[in-house]
Amino acid sequence: MSTTPQETLAACGGRRRPRGCAARPEHAACGEACPDLSTCLRKLIPGWACALIRFTLDSGGRACLPFASGSFESVHSMSLEAVHRDTTPLFHMVHPEDFDRVLVSMMHSARTLSPWQQEYRILPQEGGQRWLRSCLLPHPDGRGNVVGYGLIADVTEERRARDELLELCGLGQVGVFRADCSGRYLEVNRQYAELCGFQSPELLLQRFSSFREQCLEGAEEHGAMLRVLDRVEAIQLYALALRTADGGVAWISLNLRAQRDGQGRMTAWEGFCADITEQMQRQVLAGRCDAFSRASFGDDPALPARRKKEPAEAGSQGLCQVLAHVRADILWRLRLPRLS
């Protein structure tokens, strides 16, 4: 079934983008038909196994995927033909422990026409399990249906990297936070707040508005750390001292990852950390300190290899209607980690 420009525009929320693709102007209005769509999608989202989909939810509650990029089958372990007219097989793959959360949140998104973003597990027929992170952006199509585009990313290795940090530190909790390039906290989770001696994230943010402020070594170490991160993409097992609620110091082992916009510029960074204060104290008393020698710089071996950023929009070449919508409205949401 061919897609009309009107269907594409409705799924993009009715907003026309001023630029079109200079390389394939004949496909600019309806980018789904472009033979280069999958290539441009990989350039727009390097380093992730990611699929672009267009979904429809009719007034009777039936959902289908009229379109999916070529990577859909490898990401979701299911052919597009199996869900082209009915997405029920996709829900059958969701892990039983995640099913209710996924279904309830998706129904709320459809009712309120609000973005849907979740991380959840699927159980492929070939065995094992995968972690997926999905972001769907619903819009009314004027005919009683809810339509839109979305991205589905395989984040299994990302989740595994967090588990490896737990194992390396021998602890039961991981603190997670996200900050902009000035060091201002954008999000922190409960475990991170507790690690720093606060009862809630809100109390931590009242005391320290930025990571730079909380870092014991202050702006100098924060700036040096970000300069390195901008060059190498990721830092693992970086030992760092943070100020705590009682005026003391907590030592953490920190994994960092850069977050970038469509032009490849670092706009924020996220950290996963565990408390190594007791380990540091024991090592200092023993006259040694191994924590500083464990840090590594560059792509995390537990994460997919990341190429140098090659944005799809380069020079005078713009994006088709579909990918312009993806970059402006969906991609930044997909990159936000879930902190619960």
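General remarks:
- Close Cβ contacts (under 6 Å, 6 or more residues apart or on different chains) running from residues in the stretch 57-74 that are among the hydroxyl-bearing types (S, T, Y) to residues that are surrounded by fewer than 21 Cβ atoms within 10 Å (Cβ to Cβ) comprise S59/G144; S69/S38.
- Positions within the stretch 79-117 being assigned to a strand (DSSP E or B), at pLDDT below 95 and either more than 15 Å from A63 (Cβ to Cβ) or among the β-branched types (V, I, T) (or both), in sequence order: Q117
- Here G70 meets each of (1) of a type outside the set (S, T, N, Q); (2) part of a strand (DSSP E or B); (3) touching a helix residue (DSSP H, G or I) at 6+ places or on another chain (Cβ under 7 Å); (4) surrounded by fewer than 18 Cβ atoms within 10 Å (Cβ to Cβ) with one exception, condition (2).
- Condition check for A241: surrounded by 20 or more Cβ atoms within 10 Å (Cβ to Cβ) and touching a strand residue (DSSP E or B) at 6+ places or on another chain (Cβ under 6 Å): no
- Scanning the stretch 127-186 for residues that are at pLDDT 85 or above, of a type outside the set (G, A, S), in contact with a helix residue (DSSP H, G or I) (Cβ under 9 Å, 6 or more places away or on another chain) and closer than 23 Å to C215 by Cα yields V176, F177, C181, R184, Y185.
- Residue pairs meeting the criteria (Cβ under 7 Å; at least 6 apart or on separate chains; first on the phi < 0 side of the Ramachandran plot, in the stretch 145-160; second outside any strand (DSSP E or B) and among the acidic types (D, E)): N145/D58; V147/D141
The values are calculated or read from the model by the stated rules, or taken from the named source; none is laboratory data. The shown structure was predicted, so the numbers you read here are calculated from the model rather than taken from an experiment. As a convention, Cβ positions derive from the backbone with ideal geometry for all residues, glycine included, and neighbour counts pool all protein chains shown.
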